Amino acid sequence: MLAAAVGLAGCGVPGKSEPRTAGTAPGVNDPRPGSNNPELPSAIGIPDAGELVDRFFKAAAAGDVDPTLRDQRFDTAVRYAKDFLTPAAAQEWKPTVGQVVVIDVTQKRVVSADEVDVDVRAVGLLNEWGAIEALAEGSPSPVPQTLKFQVERPAAGGELRLRNAPPGALVLSTTALNEFYEARSVYFWDSNGRYLVPDRRYLNGQVNSQKRARAVVERLIDGPSKMIDDVVARLPDSLTITSNPVVENSRITVNLSAPTPLEQEKLERLARQLRWSLSPTQEAVEIQIDSRTRHVEDGSGYLAYNPTYRFQEADNQAKFGIFGMVNGKVTRTASGDRPMPVLNDEHNSNVVAAAVNVERRTAALVRQVASNRQELWFVREGPEGVGAAGTPNAFRAEFPADVTSMGRPVYLPGSNGRFLVPAQGRLFDVTSDVNNSAARTVDLLGRTIKAISVAPDGRRVAMIVVDPNGPERVVVATVNPESSPVSLTDRRTLDVGDVTDLRGVAWVLEHQLVVAAAGSLTEVTIDNSERNKVTKPDFGLFPVTAVAVVPRPTGGAGTMVVEGGTGGNVQSYRVYTESLAPITVTLSPSANPTPGASPAPTTMPVRGAFYVDLAAD
């Protein structure tokens with residue numbers, strides 16, 4: 001969280017200030033505050049009309065109290081919600097079968113003692129497996145933007161009741177989602193079997209540990225949500241869970257039935273998948289098949305299969321450090337743990353944007369080669385230093401002739417050295433291979449693109465796009481790297497409120513983004529369930545131009561840097577809890593100082609600050 005509001009003036013770091021760890025939502029599989037077995041809302045003793053509406057919006061949570069009763073979920077929720085209605089309203093109300101519409105209450109107005117108006121936005125549909133499904137693009141909202149409630153006041157001793165309900169819709173407020181549910185991720189292997197891809201789910205917080213573990217396993221067996229279904233692998237169809245998992249002695253024992261025997265390699269992969277999905281920081285996992293122990297995953301090796309874990313520990317953040325441009329060269333702002341020959345290559349000059357992979361052996365450089373033209377160059381470090389035998393150490397990617405300006409390139413993890421590059425409103429798929437470096441155009445459905453960020457798992461992207469005749473949008477999509485060019489599917493538009501002039505986007509947590517606008521930062525979850533405009537430190541009129549974050553898988557998110565300014569006065573800043581602090585590097589004294597002057601180090605501002613991309617290839 002950001003603490004005290006400060007202006008840009010005097011951007012030093014206060015003595016007790018801490019680096020900004022972006023992200024107000026809980027981390028993966030961290031219980032939400034307030035989800036400690038809260039009681040479902042009661043229809044008894046409601047003091048006023050506003051409270052009556054609030055409780056009605058929470059009532060649908062009753063359907064998810066016991067995940068083993070999924071087939072009764074909708075009927076249970078409707079029956080509980082009807083307790084808040086008059087008998088006539090309950091008889092008349094016919095919500096669409098199976099649909100639980102998640103709504104965000106943007107404003108509630110108590111018009112009178114008997115009338116309440118509520119402005120809402122529809123977030124999506126919470127399905128029986130705990131995933132919020134996006135509303136179809138362009139489809140009408142399942143609820144009106146303003147819900148008007150009439151309240152019946154009974155005779156003395158009676159209870160307040162609603163005389164009407166949202167037409168055709170069972171609703172659940174995001175307040176109830178935060179109060180009664182845990183936000184968790186279940187993990188599926190990507191289609192290449194290289195990385196685990198998170199799938200955000202909600203599980204009622206009143207469930208005991210055994211049923212919670214069973215519900216997580218059942219969600220894995222049922223398969224991924226529609227959001228990532230095309231880019232991940234499902235478990236075998238024949239796999240079933242036979243009983244509640246046993247949680248004891250720092251171990252979770254999962255008993256499965258598999259008519260088709262699972263090979264040892266598949267058991268190991270399943271165990272890693274279960275370990276992250278059930279409890280990524282605590283219990284070991286024992287897999288039993290028909291009550292016989294087949295595999296125990298109790299070491300720390302499983303952690304490496306979630307690529308965001310590379311930056312989980314602070315020492316890794318310090319080791320990799322922040323990069324940026326100084327005098328047109330990509331520069332590391334800290335010394336790091338080893339030399340980086342790629343930064344000494346002659347092509348590291350006139351650079352305006354760049355990317356460096358996590359192994360720090362490859363750099364993608366957008367170079368200003370003329371006043372009206374930019375080019376993308378790759379520099380690769382071979383086994384003996386910069387360049388491998390018979391391979392150029394640097395080469396230029398081939399773009400269409402009309403492409404003269406580019407944004408920051410981003411690695412696509414797990415794709416053998418491919419990049420996504422926004423350039424003049426188009427998105428290109430480029431391979432860092434001298435024999436296959438022609439840029440391929442990615443289909444954006446007629447939209448133009450301003451910025452892009454790839455999730456560390458390499459199967460999800462966040463983009464700022466512009467409709468042909470419409471507004472800017474923040475869009476999340478899944479990406480399939482097995483096609484050429486890559487294909488984007490299941491595009492979901494995120495609601496960032498009234499923010500305009502969007503400039504940059506970055507992944508904060510596995511399920512959360514930060515969006516930079518001209519004078520603000522907004523955090524939003526990729527399922528639209530939470531949105532928070534960052535107000536501290538106060539950015540005021542500070543023109544933010546870009547943002548970068550170290551994404552994290554669990555707990556607090558990674559540290560953030562932003563770039564901002566106007567004209568030639570643009571530089572990067574660390575975002576602290578109480579201020580912005582300029583990022584600078586100190587250059588060694590000139591070898592040929594001015595006659596009569598003492599050689600002295602020079603402190604230079606850093607532009608376009610970024611962290612390494614979490615791609616090993």
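Go through the range 244-260 residue by residue and tally those that are in contact (Cβ under 8 Å) with a residue 24 or more places away in the chain, over 27 Å from Asp457 (Cβ atoms), of a type outside the set (Val, Ile, Thr) and part of a loop (DSSP other than H, G, I, E, B).
So the answer is 2.
Please tell me if Val6 is touching a Ser or Thr at 6+ places or on another chain (Cβ under 7 Å), open to solvent by less than 50 Å² (accessible area, probe 1.4 Å), assigned to a loop (DSSP other than H, G, I, E, B) and modelled with pLDDT under 95. Can you show your working first?
Details: touching a Ser or Thr at 6+ places or on another chain (Cβ under 7 Å): yes; open to solvent by less than 50 Å² (accessible area, probe 1.4 Å): yes; assigned to a loop (DSSP other than H, G, I, E, B): yes; modelled with pLDDT under 95: yes.
Yes.
Every residue, every condition in (1) in contact with a strand residue (DSSP E or B) (Cβ under 9 Å, 6 or more places away or on another chain); (2) in a strand (DSSP E or B); (3) farther than 22 Å from Arg201 by Cα, yes or no:
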residue	(1), (2), (3)
Ala89	yes, no, yes
Lys94	no, no, yes
Arg109	yes, yes, yes
Val116	yes, yes, yes
Leu125	yes, yes, no
Ala136	no, no, no
Ser139	no, no, yes
Gln150	yes, yes, yes
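State which residue is farthest from Gly223 (Cα to Cα) when the search covers only the range 72-101 and only residues that are of a type in the set (Val, Ile, Thr) and touching a Phe, Trp or Tyr at 6+ places or on another chain (Cβ under 9 Å). Break it down stepwise before answering.
Step one: of the range 72-101, the residues of a type in the set (Val, Ile, Thr) are 76, 78, 86, 96-97, 100-101.
Imposing the further condition that a residue be touching a Phe, Trp or Tyr at 6+ places or on another chain (Cβ under 9 Å) reduces the set to 78, 97, 100.
Working: Val78: 26, Val97: 22, Val100: 20 Å.
Among those that are of a type in the set (Val, Ile, Thr) and touching a Phe, Trp or Tyr at 6+ places or on another chain (Cβ under 9 Å), it is Val78.
Would you confirm whether or not the range 208-220 contains a residue that is more than 28 Å from Asp457 (Cα to Cα) and at pLDDT 95 or above?
No, the conditions are met nowhere in the range 208-220.
Taking the conditions exactly as written (within 17 Å of Glu159 (Cα to Cα) and either assigned to a strand (DSSP E or B) or of a type in the set (Gly, Ala, Ser) (or both)), does Gly98 satisfy them or not?
Values: within 17 Å of Glu159 (Cα to Cα): no; either assigned to a strand (DSSP E or B) or of a type in the set (Gly, Ala, Ser) (or both): yes.
When the stated conditions are applied, Gly98 does not pass them.
Check the range 275-297 and report whether any residue there is exposed (fewer than 15 other Cβ atoms within 10 Å of the Cβ), among the small types (Gly, Ala, Ser) and farther than 20 Å from Lys211 by Cα.
Scanning the range 275-297, I find no residue that is exposed (fewer than 15 other Cβ atoms within 10 Å of the Cβ), among the small types (Gly, Ala, Ser) and farther than 20 Å from Lys211 by Cα, so the answer is no.
Do the conditions hold for Ala388, that is, is it at pLDDT below 80 and either surrounded by fewer than 15 Cβ atoms within 10 Å (Cβ to Cβ) or at positive phi (or both)? Spell out how you get there, then give the answer.
Numbers: at pLDDT below 80: yes; either surrounded by fewer than 15 Cβ atoms within 10 Å (Cβ to Cβ) or at positive phi (or both): yes.
So Ala388 passes the test.
For the range 232-285: of the residues being of a type in the set (Val, Ile, Thr) and at pLDDT below 90, which is nearest to Asp298 (Cα to Cα)? Lay out the reasoning, then the answer.
Within the range 232-285, the subset of a type in the set (Val, Ile, Thr) is 232, 240-242, 246-247, 252-254, 260, 281, 285.
Now drop any that are not at pLDDT below 90, which leaves 247, 260, 281.
Numbers: Val247: 14, Thr260: 25, Thr281: 11 Å.
So the residue we want is Thr281.
Quick check on the range 27-50: of everything there that is at pLDDT 90 or above and in contact with a strand residue (DSSP E or B) (Cβ under 6 Å, 6 or more places away or on another chain), which residue is surrounded by the most Cβ atoms within 10 Å (Cβ to Cβ)?
Just the residues of the range 27-50 that are at pLDDT 90 or above, to begin with: 40-50.
Then drop every residue that is not in contact with a strand residue (DSSP E or B) (Cβ under 6 Å, 6 or more places away or on another chain), which leaves 49-50.
Details: Ala49: 22, Gly50: 17.
Among those that are at pLDDT 90 or above and in contact with a strand residue (DSSP E or B) (Cβ under 6 Å, 6 or more places away or on another chain), it is Ala49.
Would the range 549-558 turn up any residue that is at pLDDT 90 or above, surrounded by fewer than 24 Cβ atoms within 10 Å (Cβ to Cβ) and assigned to a loop (DSSP other than H, G, I, E, B)?
Step one: of the range 549-558, the residues at pLDDT 90 or above are none.
Checked against the condition, which is being at pLDDT 90 or above, surrounded by fewer than 24 Cβ atoms within 10 Å (Cβ to Cβ) and assigned to a loop (DSSP other than H, G, I, E, B), the range 549-558 yields no hits at all.
Please verify whether Asn416 is at pLDDT below 95 and within 29 Å of Val570 (Cβ to Cβ), treating the condition exactly as stated.
On the way: at pLDDT below 95: yes; within 29 Å of Val570 (Cβ to Cβ): no.
It is false that Asn416 is at pLDDT below 95 and within 29 Å of Val570 (Cβ to Cβ).
How do the strands (runs of 3 or more DSSP E) wholly within the range 400-485 filter down when requiring 1 or more residues that are out of contact with any Gly (no Cβ under 8 Å at 6 or more places or on another chain) and open to solvent by less than 10 Å² (accessible area, probe 1.4 Å): which remain? First the steps, then the outcome.
Values: elements: 418-423, 426-431, 440-442, 448-454, 460-466, 472-480.
Qualifying strands (runs of 3 or more DSSP E): 418-423, 426-431, 440-442, 460-466, 472-480.
Residues are listed down the side, and each one gets a yes or a no for (1) modelled with pLDDT of 90 or more; (2) open to solvent by less than 20 Å² (accessible area, probe 1.4 Å); (3) of a type in the set (Phe, Trp, Tyr):
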position: Gln512; (1), (2), (3): yes, yes, no
position: Thr525; (1), (2), (3): yes, yes, no
position: Asn528; (1), (2), (3): yes, yes, no
position: Gly540; (1), (2), (3): no, no, no
position: Val544; (1), (2), (3): no, yes, no
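Please specify each residue of the range 212-243 satisfying the condition of being hydroxyl-bearing (Ser, Thr, Tyr) and either assigned to a loop (DSSP other than H, G, I, E, B) or crowded, with 18+ Cβ neighbours inside 10 Å (or both).
As a first pass, look at the range 212-243 and keep what is hydroxyl-bearing (Ser, Thr, Tyr): 225, 238, 240, 242-243.
Answer for the range 212-243, where residues must be hydroxyl-bearing (Ser, Thr, Tyr) and either assigned to a loop (DSSP other than H, G, I, E, B) or crowded, with 18+ Cβ neighbours inside 10 Å (or both): Ser225, Ser238, Thr242, Ser243.
Collect the residues in the range 51-64 that are in contact (Cβ under 8 Å) with a residue 60 or more places away in the chain and surrounded by fewer than 17 Cβ atoms within 10 Å (Cβ to Cβ), keeping them in residue-number order.
Residues satisfying the conditions do not exist here.
The values are calculated or read from the model by the stated rules, or taken from the named source; none is laboratory data. What you see is a predicted model, and the numbers here were worked out from it, not measured in a lab. In this analysis, Cβ positions are derived from the backbone assuming ideal geometry, glycine residues included, and neighbour counts consider all displayed protein chains. Just so you know, the surface numbers come from the protein's heavy atoms only, side chains and all, with ligands and any DNA or RNA stripped out. Shrake-Rupley method; radii C 1.70, N 1.55, O 1.52, S 1.80 Å.
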